[in-house]
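Heads up: the structure comes next, in structure tokens.
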Protein chains: 4
Amino acid sequence: LHHWIVTIVCDDRPGIVHAVTGAIVEAQGNITELQQFSGLESGRFFLRLQTETATDHGGLLAALQPVIESYGMECRVDRVGRPLRTLVLVSKAAHCLNDLLFRQRSGQLPVQIPLVLGNHPDLAELASFYDVPFESRPVTTAEEKTAFEERVLRAVEEHDIELVVLARYMQILSPELCAALEGRIINIHHSFLPGFKGANPYRQAHQRGVKLIGATAHFVTSDLDEGPIIEQNVVRVDHSRSPAELVAIGQDEESRTLSQAVTWFAEDRVLLDGQRTIIFQ
Amino acid sequence: LHHWIVTIVCDDRPGIVHAVTGAIVEAQGNITELQQFSGLESGRFFLRLQTETATDHGGLLAALQPVIESYGMECRVDRVGRPLRTLVLVSKAAHCLNDLLFRQRSGQLPVQIPLVLGNHPDLAELASFYDVPFESRPVTTAEEKTAFEERVLRAVEEHDIELVVLARYMQILSPELCAALEGRIINIHHSFLPGFKGANPYRQAHQRGVKLIGATAHFVTSDLDEGPIIEQNVVRVDHSRSPAELVAIGQDEESRTLSQAVTWFAEDRVLLDGQRTIIFQ
Amino acid sequence: LHHWIVTIVCDDRPGIVHAVTGAIVEAQGNITELQQFSGLESGRFFLRLQTETATDHGGLLAALQPVIESYGMECRVDRVGRPLRTLVLVSKAAHCLNDLLFRQRSGQLPVQIPLVLGNHPDLAELASFYDVPFESRPVTTAEEKTAFEERVLRAVEEHDIELVVLARYMQILSPELCAALEGRIINIHHSFLPGFKGANPYRQAHQRGVKLIGATAHFVTSDLDEGPIIEQNVVRVDHSRSPAELVAIGQDEESRTLSQAVTWFAEDRVLLDGQRTIIFQ
Amino acid sequence: LHHWIVTIVCDDRPGIVHAVTGAIVEAQGNITELQQFSGLESGRFFLRLQTETATDHGGLLAALQPVIESYGMECRVDRVGRPLRTLVLVSKAAHCLNDLLFRQRSGQLPVQIPLVLGNHPDLAELASFYDVPFESRPVTTAEEKTAFEERVLRAVEEHDIELVVLARYMQILSPELCAALEGRIINIHHSFLPGFKGANPYRQAHQRGVKLIGATAHFVTSDLDEGPIIEQNVVRVDHSRSPAELVAIGQDEESRTLSQAVTWFAEDRVLLDGQRTIIFQ
């Protein structure tokens, strides 16, 4: 038996669930998980289901095809547990990369990582321990930045990358690169957005005297730190913590928040409703 | 247009979602919310959906009837937002009753409360402020206990009660009463079960030196503090807290946990899978 | 035996704790709690201790006087558990006032409330149930606003008010009133500041698609929603929640956050270090 | 300037803080952090302070000596940031060891680890990546168990070990070993104690249908899972999670809870008050 994930996005109207599940029945599938959501403001309908069936990918898509056409659906059929081809970008901070690689090896994170790209060489050894190819090139001039981004796009093509993860990559991407990777590039921002956008969020948090600090995983858009939010976490701090201690405390939340977002994305649980995300946990 | 909640429990097999949603389509309903779960160990299937339709209660049930029979379903159709007829039992502690009544009046808790029964008169004034009838009778002898429980059962019958809530009612119920109210009586226990069953859980927690204290809302069974758990919350404490301070700190979690459980029950979001609960949030 | 709270703020230098505790020893006090903090950036020293002693207020102050003068300290000596004279301002929303009054009556909140002032009459009945005087006057014109604020200042004088609490009071205060009450006026803002300042924070939170919503208790300054933060809490939400649901969900956090801040303030646990608060829990 | 941590435990009576801070003044120290606690039930007094001074270890102890004798104190003077000599015991699960080693290398965990001992060879490569010696020997017979424990004690002596950490070491220790290491051996139990002691706590948690799962770091005593608790954390789960998924979800809490407990212990923030711990954060 195969296990498939089916995700569907279309304009909302009556009968969609019945039509889709009818196609699943036709493909002799048993539905093991099903979630749906109707966006009241956008008028869009979102569905994710898992099904076990003897039918293969093509057979399932064929069964769904009439429904897809009739409702004008965006539909995606994916195998449960298939590792997502993921490119990771890093700078010097190791904690997010370490967390992603450890979970990947432990079997908790359904990705495969054909390459880690850094603008510093610091994390080469860590990647090597996990047998992941690592490549670094400096990004200090405009030319280097352009070259780095071209390397990113080439890697995306070469490895047929489905997701780019900025694991504390500390360079701002060009609008062109953001546009080219739209909807398949995730960043971890080290604050509870929309508070403390931009640089040095922990220093901002210290100055403002907040009692909770946090981390936000979000899609990258050309509008800095404004992309759709996927996941957020916070942790309590008090007046006694220096900015440097906030940095250390916040690392746990950054790691777990980014890994959670990547996991959900890899399991086809993240759908976009305008500037908001639908997360089917 | 009417808004209906449909909940279904039956043995799991392929095609159920399609069959049920087909009946909804037949009744010209639009599904606005749908959640399902298959219990791997029990082999049971659970579904909750909300639908808007011009069809009335009888019409919707009629449309579902063939499916219900074909699959041997337990099925319930209820109007969204209908206040549940709820009997509340109390002793002296006011915080849970206060929270339930405040939320009920604010429109956040879909219940109506025809009666509050106490084994102490202390909360009469509070009930009166919220225009809820209050009655108290002492429970110090075996005869009084029997009389109190008879009063409970009579009240259940008189007011066609759908849910009994023990809002820090400090008497142990007889096995007979537990049996008579099975599946429709909820208690708030002032610890994070299964830790610290029985009396004085905060004193037990203090002695054990736990770093988090909690509260558990659960169905009442004749097996004390062992009924299926509906909701739990915890709050951090430290070594400096006396047992009396733990009592005060824990009250917030007790109130919110009980109100959350009652809300979910009233919205038909709580289903039983043996000793475990399915919560369709 | 008396129980006293001593709070001290001064410029930091060696020997302060020894000097202060020497004065306590001289007053034959036993220290039961002591916390201190040195603000690295501000160079200020903060201390709070509790002591039990046969000495009265004047005797304890006399013992401390030489130290106070020698170090140029701001020093405050207060009786443990003395209820703080508190004025509460409200509009229509009941949850924060209800929470404050319930906790006050339960003995969990060491305040006495000689008056609740509203710009709407809606909460008169609630105040009356708790035997608290209530007065309302409309604030729809500039003249009415001036009159309302004059009434606030008069009430502060008449009742020797030590703390003003804005319990979801929905009017912006004039800079003059903010200045007059500086350091003794607390607001609850219904978002996790600094995110979503100003009006309709839950609508803003919905549009931005955040995964946690929160509440912030802070000192009021003329700079709207920018005053020093005392306490913050958050609660998890998901894509399915409408702005109206966020409002309902957030009420619990608003109530508990405000009551927590008021409790700490009433127990002399909140000290100001520039734009940040020191909280000695 | 040196930075010292002073911890003191003695019977409670008036004047202790003054006496201790007097000795610090005499040693020309500036107190940068001070916390104290009086155990009401045990009648014991606990204090931890940090001081910066030109005085060396011997000089500071000499200044404290008269006070120590006069009050019958247990007193410890330690250098801030000195890495604690720590022995780690493991089996097959990698997440706790990985977390400890990553934090140690990042400079977040003030320990040095001269040896990791396993009853399986699985984690040799991980230890090697962090340049930590690793040794494994099977524990399947009584003789092997005795030999393993003798190796532990020998390693403790050889490396002058101050703390033994059971990082998901899955063997029960003999009462003799527990006694020999009393007060300096910490275990991570994969449940929220006192719920679900013993083997397979996640399976127990699944059967009981709890809504939060957790982890507990505690001192090891011969009374299994009953030693004094140092830290606990929980995470929310729902009905849909299988026991295997609970295992994966719980790993984050296990890692962070254990690392937190080890950090506090290494910073002399954990003191024992009978069966309870005082944690001076």
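What number of residues in the stretch D:14-69 are small (Gly, Ala, Ser), touching a residue at least 40 places away in the same chain (Cβ under 8 Å) and under 23 Å from residue C:47 (Cβ atoms)? Break it down stepwise before answering.
Of the stretch D:14-69, the ones small (Gly, Ala, Ser) are D:15, D:19, D:22-23, D:27, D:29, D:38-39, D:42-43, D:54, D:58-59, D:62-63.
Within this subset, residues satisfying the condition of being touching a residue at least 40 places away in the same chain (Cβ under 8 Å) are D:19, D:22-23, D:39, D:42, D:54, D:63.
Next, only the ones that are under 23 Å from residue C:47 (Cβ atoms) stay: D:19, D:22-23, D:39, D:63.
Qualifying residue count, the stretch D:14-69: 5.
What residue, of C:208, C:168, C:151, C:184, is basic (Lys, Arg) and more than 28 Å from residue C:250 (Cβ to Cβ)? First the steps, then the outcome.
Numbers: C:208 fails: more than 28 Å from residue C:250 (Cβ to Cβ); C:168 fails: more than 28 Å from residue C:250 (Cβ to Cβ); C:184 fails: more than 28 Å from residue C:250 (Cβ to Cβ).
Just one listed residue meets the conditions, C:151.
Could you figure out which of (1) away from chain D (no Cβ under 14 Å); (2) surrounded by fewer than 21 Cβ atoms within 10 Å (Cβ to Cβ); (3) of a type outside the set (D, E, K, R) isn't true of residue A:107?
Result: residue A:107 passes all but (1).
Pairs only if they're at least six apart or on different chains, beta carbon under 6 angstrom, first in the stretch A:72-95 and within 14 Å of another protein chain (Cβ to nearest Cβ), second outside any strand (DSSP E or B) and of a type in the set (A, V, I, L, M); list them, first residue then second.
A:94/A:123; A:94/A:126
State which residue is nearest to residue D:198 (Cα to Cα) when the search covers only the stretch D:223-233 and only residues that are open to solvent by 40 Å² or more (accessible area, probe 1.4 Å) and more than 9 Å from every other protein chain (Cβ to nearest Cβ).
The initial filter retains those residues of the stretch D:223-233 that are open to solvent by 40 Å² or more (accessible area, probe 1.4 Å), namely D:223-224, D:226.
Cutting the leftovers down to more than 9 Å from every other protein chain (Cβ to nearest Cβ) gives us D:223-224.
Details: D:223: 11, D:224: 7 Å.
The residue in question is D:224.
Being assigned to a loop (DSSP other than H, G, I, E, B), within 11 Å of chain A (Cβ to nearest Cβ), under 30 Å from residue C:106 (Cβ atoms) and touching a helix residue (DSSP H, G or I) at 6+ places or on another chain (Cβ under 8 Å), is that true of even one residue in the stretch C:234-256?
Yes, the stretch C:234-256 has at least one match.
Among (1) among the polar types (S, T, N, Q); (2) open to solvent by 40 Å² or more (accessible area, probe 1.4 Å); (3) within 14 Å of another protein chain (Cβ to nearest Cβ); (4) closer than 22 Å to residue A:188 by Cβ, where does residue A:128 come up short?
Answer for residue A:128: the failing condition is (4).
Would you point out the residue of the stretch C:192-222, among those that are farther than 17 Å from residue C:168 by Cβ and either away from chain A (no Cβ under 11 Å) or within 18 Å of the chain's Cα centre (by Cα) (or both), that is modelled with the highest pLDDT?
Looking at the filtered set, the residue picked out is C:221.
Quickly run through the stretch B:1-45 and pick out the residues that are open to solvent by 10 Å² or more (accessible area, probe 1.4 Å) and assigned to a helix (DSSP H, G or I).
Of everything in the stretch B:1-45, those that are open to solvent by 10 Å² or more (accessible area, probe 1.4 Å) and assigned to a helix (DSSP H, G or I) turn out to be B:18, B:19, B:22, B:25, B:26.
Of the residues C:226, C:253, only one is modelled with pLDDT of 95 or more and farther than 21 Å from residue A:218 by Cα; which?
Details: C:226 fails: modelled with pLDDT of 95 or more.
When all the criteria are applied, what remains is C:253.
How many of the residues in the stretch B:152-211 are under 30 Å from residue D:271 (Cα atoms), of a type in the set (Lys, Arg) and crowded, with 21+ Cβ neighbours inside 10 Å?
1
If I ask for residues that are facing chain C (nearest Cβ under 10 Å) and open to solvent by 20 Å² or more (accessible area, probe 1.4 Å), which ones from the stretch B:257-267 would you list? So that I can check it myself, show each step before the final result.
Pass one, the stretch B:257-267, residues facing chain C (nearest Cβ under 10 Å): B:259-260.
The one that is facing chain C (nearest Cβ under 10 Å) and open to solvent by 20 Å² or more (accessible area, probe 1.4 Å): B:260.
If residue D:270 meets every condition in (1) more than 9 Å from every other protein chain (Cβ to nearest Cβ); (2) over 12 Å from the mean Cα position of the chain (by Cα) apart from one, which number is that one?
Every listed condition holds for residue D:270 apart from (2).
Could you say which residue among B:48, B:76 is surrounded by fewer than 16 Cβ atoms within 10 Å (Cβ to Cβ), charged (D, E, K, R) and assigned to a strand (DSSP E or B)?
On inspection, the qualifying residue turns out to be B:76.
Show the residue pairs that are 6+ apart or on different chains and have beta-carbon atoms under 7 Å apart, the first residue being within the stretch A:173-186 and more than 19 Å from residue A:273 (Cα to Cα), the second being open to solvent by 80 Å² or more (accessible area, probe 1.4 Å).
Note: pairs meeting the criteria are A:175/A:222.
So, in the stretch A:51-67, exactly how many residues are within 17 Å of residue B:18 (Cβ to Cβ) and not in a loop (DSSP other than H, G, I, E, B)?
Narrowing the stretch A:51-67 to residues within 17 Å of residue B:18 (Cβ to Cβ): A:51-53, A:55, A:60, A:63-64, A:66-67.
Checking which are not in a loop (DSSP other than H, G, I, E, B) leaves us with A:51-53, A:60, A:63-64, A:66-67.
Residues flagged as within 17 Å of residue B:18 (Cβ to Cβ) and not in a loop (DSSP other than H, G, I, E, B) within the stretch A:51-67 amount to 8.
Quick one: count up the residues across the stretch D:1-57 that are under 24 Å from residue D:277 (Cα atoms) and out of contact with any strand residue (DSSP E or B) (no Cβ under 7 Å at 6 or more places or on another chain).
The number of residues fulfilling the criteria is 4.
Is there a residue in the stretch D:218-226 that is in contact (Cβ under 8 Å) with a residue 40 or more places away in the chain and in contact with a Phe, Trp or Tyr (Cβ under 9 Å, 6 or more places away or on another chain)?
No, the stretch D:218-226 contains no residue that is in contact (Cβ under 8 Å) with a residue 40 or more places away in the chain and in contact with a Phe, Trp or Tyr (Cβ under 9 Å, 6 or more places away or on another chain).
The values are calculated or read from the model by the stated rules, or taken from the named source; none is laboratory data. Please read all numbers here as calculations on a predicted model, not as lab measurements. Neighbour counts run over all protein chains shown; Cβ positions are idealised from the backbone, glycine included. Surface accessibility is based on the protein's heavy atoms, side chains included, excluding ligands, DNA and RNA. Shrake-Rupley method; radii C 1.70, N 1.55, O 1.52, S 1.80 Å.
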